[in-house]
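To start, the structure under review is shown below, and the notes come after it.
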Amino acid sequence: MATNTTLTNSLIDIGANLTHKSLKHHLPLVLQRANNAQVSHIIITGTSISGSREAIDIATRHNQEQQNVKLYSTVGIHPHDATRHVTYNYREQLVKLLTGNKNIVAVGECGLDFDRNFSLPDDQRSVFNTQLELAREFNLPLFMHERSASNDMLSILEKYSQHENFHGVIHCFTNGTLDVLQKYLSLNLYIGITGWVCDDRRGKDLAKLIPHIPLDRLLIETDAPFLLPRNMPRPWPSQNEPSCLPYVVKKLAECYSVSVDEIAKHTTENAKKLFKL
Ligand SMILES: [Zn+2]
């Protein structure tokens with residue numbers, strides 16, 4: 001998908017759900033298009049035990065074939081999935097998955113989501129705490145999700161951030177206030193921005209907050225197949241995929257009043273540093 005922006009730096013999509021049924025069945029094409037759009041690395045989001053296993057398998061198989069786009073994965077349990085994991089030995093399963101695979105670059109997607117409460121809040125807290133401990137044990141960054149739960153999230157994170165190897169990203173930052181954003185930044189966290197910001201209507205408040213994120217803390221992601229960047233020319237593709245990432249970059253460049261290459265340079269450097277790519 002060509003854009004009218006000229007990018008010389010490569011891009012890193014720090015969150016794509018390539019295990020989703022709409023993407024995993026045509027991965028070669030999806031990755032070919034990503035490569036054409038200057039996307040050099042993609043981190044596949046793991047959201048459950050089975051989903052994380054699948055994400056690792058995709059990354060491992062793909063990287064053995066030495067493709068142009070490098071794939072990595074996270075290992076974790078999404079807050080929506082907390083309740084269905086809490087009844088069995090999920091910690092042991094996570095440890096098994098986290099042990100000895102060089103394509104794993106973060107613990108997550110983990111966190112709290114009190115917006116829809118698909119899992120009981122107490123289960124969410126418990127499964128999140130376990131993953132915070134595992135990130136510390138394995139010295140991995142956290143890939144975190146938070147929706148309508150910033151107070152609880154911040155009080156949990158303040159405790160864990162006392163440890164020197166605490167590091168990570170609040171992925172898909174969307175509806176938070178300036179105050180919440182500044183609190184996450186004060187915990188030395190990175191902020192992940194998706195195509196949500198490209199939506200003139202619902203992304204308007206987020207677009208105003210963007211310049212408050214220092215460029216050395218900014219990360220970009222598609223969250224594909226969700227959140228298609230709505231600044232893409234029509235006709236829109238049926239779903240989001242990593243090749244749409246340049247449109248997030250384009251919007252961010254407008255928010256900061258800098259060039260797209262400036263955004264690409266910083267976000268790629270930041271992703272390499274945080275995830276040790
Ligand atoms: Zn999320």
query: For region 85-103, does any single residue satisfy the condition of being farther than 25 Å from Ala55 by Cα, assigned to a loop (DSSP other than H, G, I, E, B) and modelled with pLDDT under 95?
result: no
message: Tell me whether region 175-185 contains one or more residues that are within 25 Å of Leu245 (Cβ to Cβ) and part of a loop (DSSP other than H, G, I, E, B).
response: yes
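To keep it simple, each residue is scored yes or no on (1) within 25 Å of Ser243 (Cβ to Cβ); (2) within 16 Å of the ligand (Cβ to nearest atom); (3) not basic (Lys, Arg).
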{"residue": "Thr45", "(1), (2), (3)": "yes, yes, yes"}
{"residue": "Thr74", "(1), (2), (3)": "yes, yes, yes"}
{"residue": "Phe118", "(1), (2), (3)": "no, yes, yes"}
{"residue": "Glu133", "(1), (2), (3)": "no, no, yes"}
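Can Ile156 be described as open to solvent by 10 Å² or more (accessible area, probe 1.4 Å) and among the β-branched types (Val, Ile, Thr)?
Numbers: open to solvent by 10 Å² or more (accessible area, probe 1.4 Å): yes; among the β-branched types (Val, Ile, Thr): yes.
Spelling it out, Ile156 is indeed open to solvent by 10 Å² or more (accessible area, probe 1.4 Å) and among the β-branched types (Val, Ile, Thr).
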- prompt: (1) of a type outside the set (D, E, K, R); (2) open to solvent by 20 Å² or more (accessible area, probe 1.4 Å); (3) part of a helix (DSSP H, G or I): which one isn't true of Leu7, the others all being true?
  reply: (3)
- line: Taking region 32-50 and keeping residues without any contact (Cβ under 8 Å) to a residue 40 or more places away in the chain and buried (at least 23 other Cβ atoms within 10 Å of the Cβ) leaves Ile44
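Give region 165-186 a look and list any residue that's of a type in the set (Ser, Thr, Tyr) and open to solvent by less than 20 Å² (accessible area, probe 1.4 Å), or say none.
Filtering region 165-186 for residues of a type in the set (Ser, Thr, Tyr) gives 174, 177, 184, 186.
Across region 165-186, the qualifying residues are Thr174, Tyr184.
Please return the ranges of helices (runs of 4 or more DSSP H) entirely within region 187-277 where 1 or more residues are free of Cβ contacts under 8 Å to residues at least 40 places away in the same chain, closer than 21 Å to Glu109 by Cα and open to solvent by 10 Å² or more (accessible area, probe 1.4 Å). Steps first, answer last, please.
Numbers: elements: 204-209, 245-256, 260-275.
It comes to 260-275.
Can Trp196 be described as modelled with pLDDT under 95 and of a type in the set (Phe, Trp, Tyr)?
Numbers: modelled with pLDDT under 95: no; of a type in the set (Phe, Trp, Tyr): yes.
In short, no.
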query: So, of the residues in region 135-174 that are within 13 Å of the ligand (Cβ to nearest atom), part of a loop (DSSP other than H, G, I, E, B) and within 26 Å of Leu98 (Cα to Cα), which turns out to be farthest from the chain's Cα centre (by Cα)?
result: Phe173
message: So Ser52 passes all but one of these: (1) over 12 Å from Ser73 (Cβ atoms); (2) within 16 Å of the ligand (Cβ to nearest atom); (3) assigned to a helix (DSSP H, G or I). Which condition number does it fail?
response: (1)
- request: All but one of (1) farther than 24 Å from Arg61 by Cα; (2) in contact with a strand residue (DSSP E or B) (Cβ under 9 Å, 6 or more places away or on another chain); (3) open to solvent by 30 Å² or more (accessible area, probe 1.4 Å) hold for Gln162, so report the exception by its number.
  value: (2)
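The values are calculated or read from the model by the stated rules, or taken from the named source; none is laboratory data. Computed from a prediction, not measured in an experiment: that's the story for all the values here. Note that each Cβ is placed from the backbone with ideal geometry, even for glycine, and that neighbours are counted across all protein chains shown. Areas reflect the complete protein model, heavy atoms only, side chains present, ligands, DNA and RNA absent. Shrake-Rupley method; radii C 1.70, N 1.55, O 1.52, S 1.80 Å.
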